[in-house]
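The values are calculated or read from the model by the stated rules, or taken from the named source; none is laboratory data. Computed from a predicted structure; not experimentally measured. Neighbour counts run over all protein chains shown; Cβ positions are idealised from the backbone, glycine included.
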Amino acid sequence: MGIREKLLDYKRRLSDRKMYSVVIVIIAAVAIWGISQYKHAASLRQELDNQYNRAFYDMVGYVNNVEVLLMKSLITATPEKTASVMQEAWRQANLAATNLGQLPVTQPVLANTSKFLIQVGDFAYSLNNQNMSGKPLSDEQYNMIEKLYGFAVSLGKSLNNLQNELATGRIKWKELADKGTPLFKKTSSNLAMQQFENIDKTFQEYPTLIYDGPFSDHLVTAEPKGLTGEMMNEEQAKQKVIDFFGKDKVESVDFTDKNDTEPMKTFSYSVKFKNAPDDQAATIGVTQKGGHVLWMLYNRPVSEKKLNIDQAKEAGRKFLESRGFKGMVDTYYLAEDNTATINYAYQQDNVTIYPDLVKIKIALDNGEILGFESKGYLSSHTERDIPIPKITEEEARSKINHRMQVLSSGLAIIPTNYKTEIFVYEFKGKLNDKDFIVYINAETGKEEDVLMIINTPNGILTM
């Protein structure tokens, strides 16, 4: 082979290698691009699912609120209070309808549900305007609210069942979004369609229309009234921590943080206990002023239940009294995972003062305190100058909806959202097998608030 032929052959071989390399590079680039696009699509799908989940869970919450508000409107006795309840029901119903419209479900499927929510809102709005003018509910309107409440209860149950299906993955938003309306035509084979259609069937015949205990999250005052004493340093506050748990139980206390946020500046500590594993430590926050324990969490598993709720309440009361919290009475509680979280309110002259609130988490195996929070108490506690009621209990009782069966009554002080307090009569009773508390102003006779009591297997809550 001549030199010319050798050069041409070498050039051809080099060209083949280049082409091979180029093809490899192209294939690799395409693969990388494909993987990138797949990941991007998966990310978008996840983001879309998150949006659907958020809209759905928000809708469930709004529907539950509508249910509670409709029931509350049945117990209110004055047009003014009914107006405020109906105004909120109108707002919550419209929010529920808005979130329903964000789900990947076509309108025909949930047309009746959407119609129900919109018309509940319209009805509530019209009643709000009526009550604002001082005109009370008519018997016909009262009966209509009862019917709407029944439908709202059915809707809430259906949505809760559907929520469980979504949580377990039996229904996926991707299927609904990708297949759209055709998916819902296969009612015999598609679980999602059956679930959504079952919800809507609830409303095919409805008429066309023309907390953790109460006050547990009230606003605190700018200047905490219960925060007494001198300013402390880290070592002085550390001694308060030892006193809180008991010197005989504490092995070591280590300073962890200083929080200078107003209105309650704190020191934080980590606490280890004698004869306890290192991972079963407690964290605690103590106010710089006075060395008051603001909060505490003790990480200890509770594997069995030996105490009933009454024994736990008594254990909590004794603990509070031994730590300087005198005159505390238990109000509401929640029991779960072999522990009980109990609210205690201060009582002065047989008047329950709800702003002065302490929450305790108690282990039901031995009554040990696993959690503590005194923000309400430290914010509000002071000896009040409680006036003599200007109206009698009988006069206050006459202000209550006559349909409610009163089971007990007493005097109380409740907080408002405006950082003030109201002196009230507290009436507990029943209507339509539901438990309620109604607060009547002890000085003016005004209906101040209505709470619905939720009796669960685990405790007593309010809404």
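Before moving on, here are some points about what is shown:
- Positions within the range 274-308 being polar (S, T, N, Q) and out of contact with any Ser or Thr (no Cβ under 9 Å at 6 or more places or on another chain), in sequence order: Asn275, Gln280, Ser303, Asn308
- Inter-residue pairs, beta-carbon under 9 Å, first under 18 Å from Val358 (Cα atoms) and loosely packed, with under 14 Cβ neighbours inside 10 Å and in the range 224-244, second small (Gly, Ala, Ser) and at pLDDT below 95, 6+ apart: Thr228/Gly290
- The residue list Ile440, Ile388, Ile400, Ile353 contains one member that is assigned by TED's automatic domain parsing to the domain that holds Val302, out of contact with any Ser or Thr (no Cβ under 7 Å at 6 or more places or on another chain) and of a type in the set (Val, Ile, Thr), which is Ile353.
- Single unsatisfied condition, Lys419 versus (1) closer than 15 Å to Tyr354 by Cα; (2) surrounded by 15 or more Cβ atoms within 10 Å (Cβ to Cβ); (3) not polar (S, T, N, Q): (2)
- Qualifying residue in the range 424-431 (condition: closer than 20 Å to Met86 by Cβ, of a type outside the set (Ser, Thr, Tyr), crowded, with 16+ Cβ neighbours inside 10 Å and more than 25 Å from the chain's Cα centre (by Cα)): no
- Taking first residues from the range 314-328 that are more than 9 Å from Ile360 (Cβ to Cβ) and partners that are polar (S, T, N, Q), the Cβ contacts under 7 Å between residues at least 6 apart in sequence or on separate chains come to Gly327/Gln347; Gly327/Gln348.
- Candidates Ala152, Ala167, Ala177 - the one that is at pLDDT below 65 and part of a helix (DSSP H, G or I): Ala177
- Residue identified as among the acidic types (Asp, Glu) and either closer than 30 Å to Phe423 by Cα or under 27 Å from the mean Cα position of the chain (by Cα) (or both) among Asp349, Asp279: Asp349
- Residue within the range 193-209 that is under 30 Å from Glu373 (Cβ atoms) and either at pLDDT 70 or above or not in a helix (DSSP H, G or I) (or both) present: no
- The single condition among (1) of a type outside the set (S, T, N, Q); (2) surrounded by 15 or more Cβ atoms within 10 Å (Cβ to Cβ); (3) within 27 Å of the chain's Cα centre (by Cα) that Pro301 does not meet is (2).
- Residues in the range 78-122 that are modelled with pLDDT under 80 and assigned to a loop (DSSP other than H, G, I, E, B): 10 in all.
- So Thr283, is it among the hydroxyl-bearing types (Ser, Thr, Tyr) and assigned to a strand (DSSP E or B): yes
- Every residue from the range 300-338 that is of a type outside the set (D, E, K, R), closer than 30 Å to Thr228 by Cα and touching a strand residue (DSSP E or B) at 6+ places or on another chain (Cβ under 8 Å): Ala312, Ala315, Gly316, Phe319, Leu320, Phe325, Gly327, Met328, Val329, Thr331, Tyr332, Tyr333
- No other residue among Val250, Val293 is modelled with pLDDT of 90 or more, among the β-branched types (Val, Ile, Thr) and crowded, with 18+ Cβ neighbours inside 10 Å apart from Val293.
- Every condition in (1) under 17 Å from Leu370 (Cβ atoms); (2) in contact with a strand residue (DSSP E or B) (Cβ under 9 Å, 6 or more places away or on another chain) is met by Val286 except one, and the failing one is (1).
- Of Asn161, Asn143, all but one fail to be of a type outside the set (Ser, Thr, Tyr), surrounded by fewer than 20 Cβ atoms within 10 Å (Cβ to Cβ) and either closer than 18 Å to Arg54 by Cα or modelled with pLDDT under 75 (or both); the exception is Asn161.
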